Amino acid sequence: MGFSKFLILSPLPCKVICVFPSPSSKRSPASISGTSTPSTSSHLCRDFLSFSLSPAAHLSSSQCIVGHRRCSVCQVHQDVQPGDSSRASTWAAAAAKYARAERELKPARPYGAGAAAFYDKAEVKALEDKPQQVIVACSSDRGLCGAIHSSICKHIKAELAGDASKAAIICVGDKSRAQLQRTLAGSIIAQVGEVGRKPATFEDAGRIMTFILNSGYEFGSGKIVYNKFKTVVSYDTLEMPFYPSDAINAGEKIALYDSLDADVVQSYMEYSLASLMFYTLKEGACSEQSSRMTAMDAASKNAGEMIDKLTLTYNRTRQAVITGELIEIISGAAAV
Amino acid sequence: MTFWRAAGLNYIQYSAIAARAVRQALKEPMKSEAAKREGSAIRIIKWKDGKAIKE
């Protein structure tokens, strides 16, 4: 019985598998004259796909199966490749925004410190005959920043767990609105959108507080729930209290301050509301950017690990497929 | 009663107008730096009875 030359020629010149089976039926794969391994696996895929689609009549059913196996392996590789390049750029963008947010936080700190100190020294407390309070949830519209928004909403939900009737909520940022509207929709009096894309300005803070003052809601006290920036990897969810002018006038140590009349207290109250809102917006933005940076870092590390694991699996599968293919070819040729 | 409060403004709005006047009075390059701190991009939507009021 003769033996046949069994030649598989790919359309692209870079890969040629020539198999010359010998008369003895069993021959180890080492007798194969030459197989040039492809430089990248994508070449392998292209070769094989174009070969399997060619009108060449030599396709046996086993080669089709091997072709399908190769295609699924290539799919994995093609999915994995783009992830590598986009890793560095997303982290760099987050880091740049964080640097800017931290820079803008520094001059904003005195605004918050000054107003908070006034309420502290004058020992202003919530009015007892006006239990209504305004709660401002200081978050933003953008996600992928870890537990930033959910920690604010958890804090508010825990506070209003018993009784939500005496609170009016203002959701600064879509993320807090989305989380609070499920259970506390009845208490929400306003939502503020387009927060977080551009850095907050004092005018933003002023408009939010003007809305509260003009809303006609009679409140005895208020608070802004925000994330205070501690370090790049940590932040605290805190409350910043504010009070209406009759609460200020009823403050115990208000007499410490000279030359206060109703007009001055009213004006200062309005101004301190805007200052506190501005301060909490800046703190919140800085916490959010730092949290986003750490979250992106963790995400890209996880993605990197996954890419490495998948690459190993891919290579092993590819080698197994090639070995199986060779064995089939050899045994097929030997049977002829 | 100050003139601006009599006109219906509150202190926040009054100081915002004054700040805008100061920014416009600045010289370059301080003027362009200050212009970055101006402007407001937020949108406030009122809610009533658990739903936003569509305008």
State all residues of segment A:195-208 that are among the small types (G, A, S) and either in contact with a strand residue (DSSP E or B) (Cβ under 7 Å, 6 or more places away or on another chain) or more than 7 Å from chain B (Cβ to nearest Cβ) (or both); if no residue qualifies, say none. A:G196, A:A200, A:A205
Going by the structure shown, is B:I12 β-branched (V, I, T) and either touching a residue at least 12 places away in the same chain (Cβ under 8 Å) or loosely packed, with under 11 Cβ neighbours inside 10 Å (or both)? no
Looking only at residues that are facing chain B (nearest Cβ under 7 Å) and not hydroxyl-bearing (S, T, Y) in segment A:209-222, which one is surrounded by the fewest Cβ atoms within 10 Å (Cβ to Cβ)? A:F211
From the options A:R142, A:R177, residue that is within 14 Å of chain B (Cβ to nearest Cβ), surrounded by 15 or more Cβ atoms within 10 Å (Cβ to Cβ), in contact with a strand residue (DSSP E or B) (Cβ under 6 Å, 6 or more places away or on another chain) and closer than 20 Å to A:E288 by Cβ: A:R177
Might you check whether a residue that is assigned to a helix (DSSP H, G or I), touching a residue at least 40 places away in the same chain (Cβ under 8 Å) and closer than 21 Å to A:L160 by Cα occurs anywhere in segment A:210-228? yes
Can you name the number of the only condition in (1) more than 9 Å from chain B (Cβ to nearest Cβ); (2) modelled with pLDDT under 95; (3) crowded, with 16+ Cβ neighbours inside 10 Å that A:G162 fails? (3)
Could we say that A:A303 is surrounded by fewer than 20 Cβ atoms within 10 Å (Cβ to Cβ), at pLDDT 90 or above, in a helix (DSSP H, G or I) and out of contact with any strand residue (DSSP E or B) (no Cβ under 9 Å at 6 or more places or on another chain) here? yes
What about A:S187, is it more than 22 Å from B:I12 (Cα to Cα) and hydroxyl-bearing (S, T, Y)? yes
Do we find a residue being over 30 Å from A:A250 (Cα atoms), outside any helix (DSSP H, G or I) and modelled with pLDDT under 90 anywhere in segment A:123-132? no
All but one of (1) within 22 Å of A:A200 (Cβ to Cβ); (2) surrounded by fewer than 17 Cβ atoms within 10 Å (Cβ to Cβ) hold for A:K309, so report the exception by its number. (1)
Right, A:A185: within 9 Å of another protein chain (Cβ to nearest Cβ), without any contact (Cβ under 8 Å) to a residue 60 or more places away in the chain and part of a helix (DSSP H, G or I) or not? yes
Which condition number does B:S15 fail, the rest of (1) facing chain A (nearest Cβ under 7 Å); (2) farther than 18 Å from A:D263 by Cα being met? (2)
Which of (1) of a type in the set (D, E, K, R); (2) within 14 Å of chain B (Cβ to nearest Cβ); (3) part of a strand (DSSP E or B) does A:D236 not meet, given it meets every other one? (2)
Within segment B:18-55, can you find the residues that are among the hydrophobic types (A, V, I, L, M, F, W, C) and more than 7 Å from every other protein chain (Cβ to nearest Cβ)? B:A18, B:A19, B:A21, B:V22, B:A25, B:L26, B:M30, B:A34, B:A35, B:I53
Residue hits (segment A:232-282; surrounded by fewer than 17 Cβ atoms within 10 Å (Cβ to Cβ), in contact with a helix residue (DSSP H, G or I) (Cβ under 9 Å, 6 or more places away or on another chain) and free of Cβ contacts under 8 Å to residues at least 12 places away in the same chain) are A:S234, A:D236, A:L260, A:D263
Among the residues in segment A:261-279, are any among the polar types (S, T, N, Q) and either more than 8 Å from every other protein chain (Cβ to nearest Cβ) or closer than 19 Å to A:I156 by Cα (or both)? yes
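The values are calculated or read from the model by the stated rules, or taken from the named source; none is laboratory data. This structure is a prediction, so every number in the text was calculated from the model and none was measured. When we count neighbours, we look across all protein chains shown, and the Cβ atoms used for this are built from the backbone with ideal geometry, even at glycine.
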